[in-house]
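Working notes for the structure below.
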Amino acid sequence: MNVAVAKTGSGRAVSDLFASAEGRLPGSPSVIASRREAFETYERLGLPHRRIEEWKYTDLRALVGEVLPLAAAPDAAALKRAADAVKAHAIAGARKLVLVDGVFAADLSDVRALTAEAGFRTLRETLEKDAGLLTTASTDAVIALNAAMATDGVVLSIADGAQLSAPIQIIHIATAASASAFTRSQVVIGKGARATLVESFVAAGAKAYQVNDAVIVTVGDDADVAHIRLMDDAPDAVNVTSHFVTVGANVKLNFFNMTTGAAVSRLQGLITLAGEGSELSANGVNLLQKTEHGDTTLVVDHAVPNCVSREVFRAVIDDRAHSVFQGRIIVRPDAQKTDGKMMTRALLLSDEAEADNKPELEIFADDVSCGHGATSGALDDSLLFYLKARGLPEKQAQALLIQAFVGEAVEQIADDGLREHVIGIAERWLERRS
Amino acid sequence: MALLEVKDLKVRVEEREILHGLTLTVNEGEIHAIMGPNGSGKSTLSHVIAGKPGYEVTDGQILFKGEDLLEMAPEERAAKGVFLAFQYPVEIPGVTTMNFLRTALNAQRKARGESELMVPDFLKKVREVSKSLNIPQDMLKRGVNVGFSGGEKKRNEVLQMALFEPSLCILDEMDSGLDIDALRIAADGVNALHSPKRAMVVITHYQRLLNYIVPDVVHVMSKGRVVKSGGKELALELEESGYTQFEDAA
């Protein structure tokens with residue numbers, strides 16, 4: 001039934017999207033063939049819409065309409081603008097890997113420092129051999145589109161036992177207006193390794209662009225990993241990102257996502273706890289204003305016994321913005337002694353702001369402890385008055401309370417420097433409020 | 001010199017008049033006590049002076065240092081030197097007391113056109129004052145009033161008073177929920193702040209607090225008006241005879 005829908009209206013343009021990009025897509029002839037197959041899947045499905053349950057609150061057909069043509073490879077001027085953006089958004093001391101309009105920019109990256117501690121290749125390089133990284137077990141149209149169109153990405157491998165001395169920061173920079181960037185990255189973290197991965201999405205002057213990113217992470221047994229994603233794209237951009245994370249045994253994984261940009265965004269993550277004794281902390285903050293639509297969809301799949309998962313999600317929604325949180329905890333039949341909890345709270349700063357919370361528990365084991373909670377509400381007037389009576393103007397009083405509200409999620413970031421970086425982005429969001 | 005002049009103030013809350021023409025003058029350096037039964041309008045008066053929303057002033061005026069207080073937002077009143085010590089100080093999880101104190105102090109200084117206080121100077125001052133009020137340093141690192149006992153919350157109010165150096169302090173039922181020791185510490189803190197330039201308005205049900213903070217003037221409120229004013233002996237008289245006589249007078 002979707003065939004008819006996909007072909008009506010924008011059907012023609014959909015095919016042009018791939019045809020016009022094909023000559024620029026990296027990969028051997030067999031890789032190109034599997035790209036074409038992925039594109040056919042996307043074409044058959046079309047952009048996700050509200051009748052697909054997982055996309056009920058984020059109807060990309062209505063919100064985005066069409067996928068923009070592939071961005072041209074960045075020229076010298078674009079790289080210059082990107083270099084300035086790197087300076088503004090780099091985390092002090094981090095090893096940077098920079099993707100500009102979907103193309104890896106070696107000159108802006110710290111490849112040499114990084115390769116002293118970790119294995120690194122570009123997606124482009126790996127696709128010369130095979131299409132392995134373009135396959136994922138998913139029937140989602142945006143992921144199929146990503147497989148078809150991905151121009152580049154980073155492929156990292158961190159050896160068993162490696163203790164990285166600095167965070168790795170992947171910075172996605174958009175310089176091309178009204179164009180799309182498709183990226184796909186893979187991070188393999190060895191047994192007993194310790195690593196911090198940060199992903200940043202920012203604009204360098206570009207407007208009305210689209211980002212479709214996919215990240216595949218595998219965490220080995222006994223590893224200790226912090227994974228932080230900071231999506232601060234231009235206010236009129238679109239960002240759709242898919243994460244596939246597989247976690248081994250006795251792992252500590254601390255994931256954090258913050259959305260402060262893009263007109264329309266969705267982070268959809270699937271985290272599979274595949275080894276016993278692991279602890280997952282998955283947290284997020286959506287800060288939305290104007291007419292922004294931000295969707296965080298997380299599936300935590302307890303596939304084995306004795307794992308703990310904790311999710312703390314906070315949304316601050318101003319003006320006519322719309323926040324979506326969908327959190328699903330799956331407990332497989334074997335996953336006894338699972339301890340999974342999820343708490344989501346939304347703060348509505350205007351009468352027209354909207355929050356949709358959809359927590360789901362799918363429990364197939366009988367000896368588990370799982371729970372979820374969801375609240376939404378406005379700022380507390382009595383707290384606001386107390387702060388004003390102590391001299392804080394309305395805006396500043398609100399800002400302090402908003403920071404406190406998101407604090408519970410932000411405080412899950414253990415590293416002081418990273419936490420300060422995140423708070424800095426949140427503060428700039430607060431300053432943008434009209 | 002008159003610091004606070006409340007003239008024939010009429011205030012409504014949700015269509016019901018609470019203050020029916022209240023008049024009160026507080027001069028620099030004076031300590032005034034306002035006493036009265038529940039529902040006489042004591043707390044309403046303190047809220048209206050501080051600028052709490054939800055109160056409709058239908059008549060009369062409030063002048064502070066000669067300026068029309070009712071025209072000012074609550075934060076402007078704070079910057080001008082009005083301080084309300086809350087009967088029930090709120091808890092603000094996620095905002096540390098230290099961060100709150102610094103943000104508030106600098107907001108007031110900025111509103112007055114003064115420079116921000118440097119961090120070392122600020123810390124030194126907070127340490128001095130909190131020590132004198134018996135407030136442990138680790139309390140300052142916790143969320144504002146989160147997990148504080150009743151006495152600690154009130155001492156935190158006095159700490160703010162000492163830091164912000166207001167010229168008018170309104171203490172709304174400072175004694176409520178405090179045992180005698182907690183009351184003494186808080187009252188000592190307040191007394192230490194009393195100066196020839198700074199006035200205090202102490203709102204209370206009971207004479208007990210006035211053993212520690214000795215007023216120059218005592219006002220009795222009943223049914224939205226000041227029905228009697230006198231010296232500190234008026235408080236003792238009230239303790240013996242109760243408020244009933246004044247309810248009839250009102």
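Values quoted throughout were computed directly from the atomic coordinates according to the rules given, and no laboratory measurement underlies them. Being a predicted model, the structure only gives us computed values, none of them experimental. A quick note on method: Cβ atoms are made from the backbone with ideal geometry, for glycine too, and the neighbour counts reach across all protein chains shown.
If r is the Cβ-Cβ distance from A:ARG44 to A:ALA76 and R0 is 41 Å, what FRET efficiency results, to the nearest 0.05?
Values: r = 40 Å, r/R0 = 0.97.
It comes to 0.55.
Give me the percent relative contact order of segment B:2-249, please, defined on Cα pairs under 8 angstrom at least 6 residues apart. All intermediate terms of the calculation are to be shown ahead of the outcome.
On the way: 457 pairs, mean separation 71.6, N = 248.
Here the relative contact order equals 29 percent.
Which ³J(HN,Hα) values, rounded to whole Hz and listed in residue order, are derived for segment B:160-166 from phi using the Karplus coefficients 6.51, -1.76 and 1.60 in 6.51 cos²θ - 1.76 cosθ + 1.60 with θ = phi - 60°, glycine and proline given as x?
5, 4, 5, 6, 7, 6, x
Could you name the lysines whose alpha carbon sits less than 19 Å from that of A:LYS252, not counting residues in the same chain fewer than 8 places away?
A:LYS191, A:LYS337, A:LYS341
If the cut-off is 16 Å between C-alpha atoms, which aspartates and glutamates fall inside it for A:LYS129, apart from same-chain ones fewer than 8 positions away?
A:ASP152
Positive end of the charge dipole of chain A (Lys, Arg +1 and Asp, Glu -1 on Cβ, about the Cα centre): tell me which of A:LEU197, A:ALA262, A:ALA282 has its Cα farthest that way.
Final value for the positive-end residue is A:ALA262.
Peptide B:141-148: average number of partner chain Cβ atoms within 10 Å per residue? Please list the in-between numbers first.
Numbers: counts 0, 0, 2, 6, 1, 0, 0, 0.
Counting Cβ atoms of other protein chains within 10 Å of each residue's Cβ and averaging gives 1.
Report the calculated FRET efficiency for B:GLN137 and B:THR58 (r = Cβ-Cβ distance, R0 = 30 Å), to the nearest 0.05.
Given R0 = 30 Å and the Cβ-Cβ separation, E is 0.05.
Within a 10 angstrom radius of each residue's Cβ in B:76-86, how many Cβ atoms of other chains show up on average? Whole number is fine. All intermediate terms of the calculation are to be shown ahead of the outcome.
On the way: counts 3, 3, 6, 3, 1, 0, 1, 3, 4, 1, 4.
Across B:76-86, the average partner-chain Cβ count within 10 Å equals 3.
Top mean-square fluctuation among A:TYR386, A:TYR42, A:TYR57, Gaussian network model of chain A, C-alpha springs under 10 Å?
In this elastic network of chain A, the residue with the biggest mean-square fluctuation among A:TYR386, A:TYR42, A:TYR57 is A:TYR386.
Taking the Cα-to-Cβ direction at A:GLU66 and at B:GLU71 and moving 7 Å from each Cα, how far apart do the two end points lie in nm?
5.8
Using only the alpha carbons, work out the radius of gyration and Dmax of chain A in angstrom.
Computed over the Cα atoms of chain A, radius of gyration and Dmax are 21.0, 70 Å.
Under a 5 Å amide H to amide H cut-off, with H placed in plane at 1.01 Å, what residues pair with A:ASP213 once short-range neighbours are removed?
Amide H neighbours of A:ASP213, under 5 Å, 5+ apart: A:THR183, A:VAL240, A:THR241, A:SER242.
Take the alpha carbon atoms of segment B:156-209, find their center, do the same for segment A:196-267, and report the distance between the two centers in whole angstrom.
Comparing the Cα centres of segment B:156-209 and segment A:196-267, I get a distance of 52 Å.
Among A:138-151, A:119-132, what's the highest-first ranking by average C-beta atoms within 10 angstrom per residue? Each step should come with its number before you reach the end.
Values: A:138-151: 22.2, A:119-132: 17.0.
Top of the packing list down: A:138-151, A:119-132.
Hey, fewest Cβ within 10 Å first, where do B:HIS219, B:HIS205, A:HIS172 land in order?
Values: B:HIS219 23, B:HIS205 17, A:HIS172 26.
Going from least to most buried by this count: B:HIS205, B:HIS219, A:HIS172.
Here is the link list: A:LYS395/B:LYS153; B:LYS110/B:LYS154; A:LYS388/B:LYS42. Which ones come out longer than 31 Å on Cα distance?
none
How do B:175-181, A:395-401 rank on mean C-beta neighbours within 10 Å, highest first? Please report the intermediate quantities before stating the final value.
Working: B:175-181: 14.9, A:395-401: 20.3.
Those peptides, ordered most packed to least, come out A:395-401, B:175-181.
Label B:GLU240 and B:GLU15 with points 7 Å out from Cα along Cα→Cβ: what is the distance between them in nm?
Going from the B:GLU240 label point to the B:GLU15 one covers 4.6 nm.
Between A:GLU394, A:GLU276, A:GLU411, which gets the highest mean-square fluctuation from a Gaussian network model of chain A, Cα cutoff 10 Å?
Taking springs between Cα atoms under 10 Å, the residue moving most is A:GLU394.
Please give the net charge around B:ALA50, taking every other residue with its beta carbon less than 12 angstrom from that of B:ALA50, where Lys and Arg add +1 and Asp and Glu add -1.
Charge balance in the 12 Å sphere: +2.
Sort A:220-232, B:220-232 for me by packing, meaning the mean count of neighbouring Cβ atoms within 10 Å per residue, highest on top. Before the final figure, lay out the partial values.
Numbers: A:220-232: 22.5, B:220-232: 18.9.
Packing order, densest peptide first, comes out as A:220-232, B:220-232.
Can you quote the Å³ per residue value for the convex hull of the Cα atoms in segment B:2-249, rounded to an integer? Could you put the intermediate results ahead of the total?
On the way: hull volume 30.4 nm³, N = 248.
Each residue corresponds to 122 Å³ of Cα convex hull volume.
In peptide A:376-389, how many Cβ atoms from other protein chains are near each Cβ within 10 Å, on average?
Working: counts 0, 0, 0, 0, 2, 3, 4, 6, 3, 10, 14, 11, 12, 15.
For this peptide, the per-residue mean of nearby foreign Cβ atoms is 6.
Below 8 Å, C-alpha to C-alpha, sequence gap of six or more: please give me the relative contact order for segment A:104-226 in percent.
Numbers: 241 pairs, mean separation 31.8, N = 123.
It comes to 26 percent, rounded to a whole number.
Using a 10 angstrom cutoff on alpha carbons, build the Gaussian network for chain A and name the most mobile of A:LEU392, A:LEU267, A:LEU45.
A:LEU392
What does the charge add up to near A:ALA83, with Lys and Arg as +1, Asp and Glu as -1, over the other residues with Cβ less than 15 Å from its Cβ?
Numbers: positive: A:LYS80, A:ARG81, A:LYS87, A:LYS96; negative: A:ASP75, A:ASP84, A:ASP101, A:ASP107, A:ASP110.
After counting each charged neighbour, the total is -1.
Tally Lys and Arg at +1 and Asp and Glu at -1 over the other residues with C-beta under 10 Å from the C-beta of A:HIS49: what net charge comes out? Walk me through the numbers before you get to the answer.
Details: positive: A:ARG50, A:ARG51, A:LYS56, A:ARG61; negative: A:ASP59.
Combined, the nearby Lys, Arg, Asp and Glu give +3.
Can you give the relative contact order of chain A as a percent, counting alpha carbon pairs under 8 Å and 6+ residues apart? Can you show the working numbers first?
Working: 1130 pairs, mean separation 42.2, N = 434.
Relative contact order comes out at 10 percent.
Cross-link partners among aspartates and glutamates for A:LYS56, C-alpha distance below 12 Å, same-chain residues fewer than 8 apart left out?
Partners within reach: A:ASP295, A:ASP356.
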